Amino acid sequence: MSSYLISRNGHYHLRVRTPLDLLGIIPQTEITRSLKTTDLRIAKATALPYLQGISQTVTLLRSMFITPEQAQVSLRNLLGRKVRGVSHGVDKSAQGGAADVTPVVGGTSLATVVKAFLKDKEREWTPKTRMENKGVFGLIVDLIGDVAVASIDRGKVRDFREQLVKLPPNVGKSYPEQSPLEVLQRIDSGELLTTPMSITSVNKHISRLYSIMSYCIKEGHRTDNPASEMNIKQHRRPDEERKAYDLQDLRVISRNLPRNSSKPERLYVPMICMLSGMRLDEACQLYREDIIQVDGVWCFDVNDYKDKKLKNLSSKRIVPVHPALIELGLLSYVERCQDGSRLWENLKWCKVNGYSNSLGKWYQRFNRGHVTIDPLKTLHSMRHSFADNLKQLGVQDNLISELMGHANNSITTGRYGKRYQAKVLLEVVSRLDYGI
C-alpha cells in the first residue's frame, strides 16, 4: 500500500505527515482526509489532487510566497474542513465576515505570474522587446485561460500548440475587435480563411510559455516544466529561415536606391548594411562622431552611447568602412554634418523601433517594388549576404562574428584573444566585391 494511504475499517484515508521544518508554521503533525472508498485503485486516484495541493501549498510557504495564515486557509479549503490545529482566528468568513486572504488552492493564476515575470524582466528588455513579449504573453493567457499555473499540464500545452498553428500572425493587430478564441472559432467553422503563422513563430510562443513555467519553478509555484521539448520540429535548416540576397539582387538594390540629397539615409543606410553587415537599427542611429579613424582606418564605432541601443554586449564593436562606401561619398557627407549631430536627421526616434521605424517601412515598399516579392528576402537579408559571401571566401568564423557583433564562444580566441586590429578587419571587408 502507498505510504500516504491508511485503511480504517476497510475504508481508505489519506495521511500526510507535516514536514519537520514546517511544524512551527503548520501546527498539526499530520494532515488526514477520508477518501470515501474501499477500492485501493480508486483511493490512489482520489488522493492525487490532495497530494498535489498539499505539496503546492508547502512549496509556496517555504518560498515565502504565501503567509502561514494563507497556508492554513489553503489546506482547510483543499480538504473541505478545518484542519486539526488550525487557528480559529484565521477564517473570518466562518464568523460571517469577509476572509482576509484568497484561498490558494492549486496555486497562483497564470495572469498573476505573467504580470510578475514582466515586471522582473522589464529592465533587461528594450522597449521593442518589451512590447513584443507583452503581446506574446497576453496571447498565452488568452488561449490557455487565467488558470492556476499548477494546473497546466502537457495536455494543455499541446492544446495551446494546436491553437497556435491555426492562428494568423499578429492576430491581435489583424483582428483587434475579436479575441483570439473568437478568431479560432471562425477559422474552425470555415467562416475565416487565413494564412497561419510560421512554425518559427509558433515555437517562439511555446518558448515564451517555457520561460513562464521555468519562472514558476524558480518562484516555487510548481516543480516541473510542461512546455519542455514541446517545440515543433522544423523542416528547414536555420540558414533557410530567411534568405540571403544573391549578387543580382544586390546589384538591383544598388542601382535603384534613390540618390535624393534631401533623404540621404535612403541611399547610405541600405548600402552600409550591405557592405558592413550592420543591423538596420545600428546604421540608423549613427552620429557624426561614430565615424572614426582607428590606426589610420576609417571605421564605424558601433556603441550604445547617448540614445543609441545595442542588441547585446557583443554588438559593441568597430567595423571598417568599405572602400565602396567611401567611393559613394559617405565620408564627404559625414564631413558636412555638424559636430555632435546625427547622420540622418530625417529619421525620428520612436519608443519601440528607435530610429529605424520609418526607413524600415520605406525599404519594405522599395524591396517589393524594385527587387523581389520573395517574403523571405528583407533588409535583414543583407546581413545574411554579408556573412555568406565572407564564408564562401574562406574567412574564419571568428572574424565574421566580430564584424557582425556575434559572441565568440571560443575560450582561446574569445576569452584570451584581443579584438582584431582595424587593418585586419579592413582586409576582410575589402574582399567583398558585389560588382556594384
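The values are calculated or read from the model by the stated rules, or taken from the named source; none is laboratory data. Just so you know, these numbers come straight off a predicted model, no measurement behind them. Positions of Cβ are generated from backbone atoms using ideal geometry, with glycine treated the same way; all protein chains shown enter the neighbour counts.
General observations
- Arg130 vs. criteria among the basic types (Lys, Arg), at pLDDT below 85 and surrounded by 13 or more Cβ atoms within 10 Å (Cβ to Cβ): yes
- Residue match in the stretch 148-156 (condition: aliphatic (A, V, I, L, M), farther than 30 Å from Val58 by Cβ and assigned by TED's automatic domain parsing to the domain that holds His205): no
- Within the stretch 383-395, residues that are assigned by TED's automatic domain parsing to the domain that holds Leu275 have Cβ atoms under 6 Å from residues that are outside any helix (DSSP H, G or I) in these pairs: Arg383/Gly277; His384/Ala244; Ser385/Ala244; Ser385/Tyr245; Phe386/Gly277; Asp388/Ala244; Asn389/Leu432; Leu393/Arg431, counting only partners at least 6 apart in sequence or on another chain.
- Residue count, the stretch 53-69 (criterion: modelled with pLDDT under 75 and either in contact with a strand residue (DSSP E or B) (Cβ under 6 Å, 6 or more places away or on another chain) or over 15 Å from Arg222 (Cβ atoms) (or both)): 4
- For the stretch 218-228, a residue qualifies if it is touching a residue at least 60 places away in the same chain (Cβ under 8 Å) and of a type in the set (Lys, Arg), and exactly one does: Arg222.
- Residue match in the stretch 359-377 (condition: among the small types (Gly, Ala, Ser), more than 30 Å from Ile199 (Cα to Cα) and exposed (fewer than 14 other Cβ atoms within 10 Å of the Cβ)): no
- Leu192 being surrounded by fewer than 19 Cβ atoms within 10 Å (Cβ to Cβ) and under 30 Å from Asp290 (Cβ atoms): no
Residues checked against (1) in a loop (DSSP other than H, G, I, E, B); (2) in the same structural domain as Phe386 (by TED's automatic domain parsing); (3) over 30 Å from Asn389 (Cα atoms); (4) in contact (Cβ under 8 Å) with a residue 12 or more places away in the chain:
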site	(1), (2), (3), (4)
Phe160	no, no, yes, yes
Pro169	yes, no, yes, yes
Lys173	no, no, yes, no
Ile206	no, no, yes, yes
Ser211	no, no, yes, yes
Cys216	no, no, yes, yes
Met230	yes, no, yes, yes
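- Hits in the stretch 343-356 (condition: surrounded by fewer than 19 Cβ atoms within 10 Å (Cβ to Cβ) and under 24 Å from the mean Cα position of the chain (by Cα)): Trp349, Cys350, Lys351, Val352
- Qualifying positions in the stretch 162-189 - surrounded by 14 or more Cβ atoms within 10 Å (Cβ to Cβ) and farther than 29 Å from Pro226 by Cα: Tyr175
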